[in-house]
Structures are given as C-alpha cells and as structure tokens.
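What follows is one structure encoded as structure tokens, with my remarks underneath.
The values are calculated or read from the model by the stated rules, or taken from the named source; none is laboratory data. Nothing here was measured: the structure is a model prediction, and the numbers come from that model. Every residue, glycine as well, gets a Cβ built from its backbone with ideal geometry; the counts of neighbours run over all protein chains shown. Only protein heavy atoms, including side chains, enter the accessible area calculation; ligands, DNA and RNA are left aside. Shrake-Rupley method; radii C 1.70, N 1.55, O 1.52, S 1.80 Å.
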Amino acid sequence: MSDYTTYDFYANKYYGDTVPETDFPKWLSRATDKLNYVTFGHINDDALEDYNVQIQKATCALIDLLYSIDQIAKQVISADERNIKSKSSGNESVTFETTKTSITEAAASDKAQYQLITDTVSEYLAGTGLLYAGY
C-alpha cells in the first residue's frame with residue numbers, strides 16, 4: 001500500500017491550505033487508510049493509472065476532513081456543545097443555541113464520521129467503480 005498523493009499536489013493542485021506541511025505525513029497516512037477502507041481495497045496500480053487525479057483529490061479531501069475533525073474534537077467539550085442564544089435577568093432565563101455541524105457530529109460519532117468520509121470520497125470517486133463493494 002502506498003500513499004496516494006504528495007504535499008506538492010495537496011498545496012499546488014488541490015490548493016489545500018488546512019494542514020501544515022509538518023503534519024502532512026500523519027494525515028496522509030490516516031487518509032490513505034480510510035480511503036482503502038471505503039474503497040474496499042480496490043485501489044491498485046490500474047486504478048491509480050486510470051483515476052490518478054480523482055484518487056489524489058479524494059485523498060486530499062480526506063486529509064482536510066480528518067484534520068478538521070481532529071481539531072474540533074480537541075476543542076469540543078461534549079457532542080452537545082451549546083452557545084447562549086438569549087439571556088434574561090428577572091427569574092433567570094437562559095436559552096441555548098446548538099452549534100452542531102457535520103464536523104462536530106463526526107467528532108462525536110463514529111457513524112457520523114463514516115458517513116461524512118464516504119460522502120467526501122464519493123464526490124471524487126463516484127462513477128469510477130472504486131466504491132463498489134462487489135467484485
């Protein structure tokens with residue numbers, strides 16, 4: 001198994017600017033593992049030749065996604081994080097507004113994370129046959 005992209009492609013062709021170059025190898029490795037999982041291991045030399053750009057872009061999108069989920073997970077205290085929407089003084093009334101996003105939900109739930117990963121990969125690999133579970 002090899003990594004499916006490079007920092008040069010990420011920065012100069014995908015125009016990624018989320019992950020610092022020093023952290024890139026870590027997130028490339030994790031994105032490659034996730035991509036292999038959601039493609040059922042169908043990425044081989046032939047697929048890399050036929051769908052090179054799509055595979056690299058899918059990998060870059062996963063790198064950004066996984067990095068963002070990690071950053072949010074470090075900040076979120078709980079999956080139901082809330083902000084104060086309004087506050088009254090007499091008899092004290094506080095109304096909270098939820099701040100859930102697909103990223104915060106993915107940080108809190110493996111199921112939500114898997115769905116977000118497959119949606120992200122599908123954007124680049126739909127129609128390639130790489131997402132097909134059968135043989």
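For the reader, a short list of remarks on this structure follows.
- Condition met for Tyr7 (touching a helix residue (DSSP H, G or I) at 6+ places or on another chain (Cβ under 7 Å) and either small (Gly, Ala, Ser) or within 24 Å of Asp119 (Cβ to Cβ) (or both)): no
- Taking the criterion of being at pLDDT 95 or above and open to solvent by 60 Å² or more (accessible area, probe 1.4 Å), the residues of region 52-82 that qualify are Asn52, Val53, Gln54, Lys57.
- Test result for Ser2, farther than 17 Å from Tyr124 by Cα, open to solvent by less than 90 Å² (accessible area, probe 1.4 Å), modelled with pLDDT under 95 and not hydrophobic (A, V, I, L, M, F, W, C): yes
- Residue in region 108-117 that is at pLDDT below 70, hydrophobic (A, V, I, L, M, F, W, C) and farther than 28 Å from Tyr7 by Cα present: no
- Candidate set: region 106-133, residues that are in contact with a helix residue (DSSP H, G or I) (Cβ under 7 Å, 6 or more places away or on another chain) and not in a helix (DSSP H, G or I); chosen: the one nearest to Asp70 (Cα to Cα): Leu131
- Pairs are defined by a Cβ separation below 8 Å, a sequence spacing of at least 6 or placement on different chains, a first member in region 45-74 that is more than 20 Å from Thr118 (Cβ to Cβ), and a second member that is assigned to a helix (DSSP H, G or I) and modelled with pLDDT under 95; no pair meets this definition.
- Residue pairs whose Cβ atoms lie under 8 Å apart, separated by 6 or more positions or on different chains, with the first residue in region 6-25 and surrounded by 14 or more Cβ atoms within 10 Å (Cβ to Cβ) and the second basic (Lys, Arg), are Tyr14/Lys57.
- Counted residues, region 39-51 - those being under 18 Å from the mean Cα position of the chain (by Cα) and surrounded by 20 or more Cβ atoms within 10 Å (Cβ to Cβ): 1
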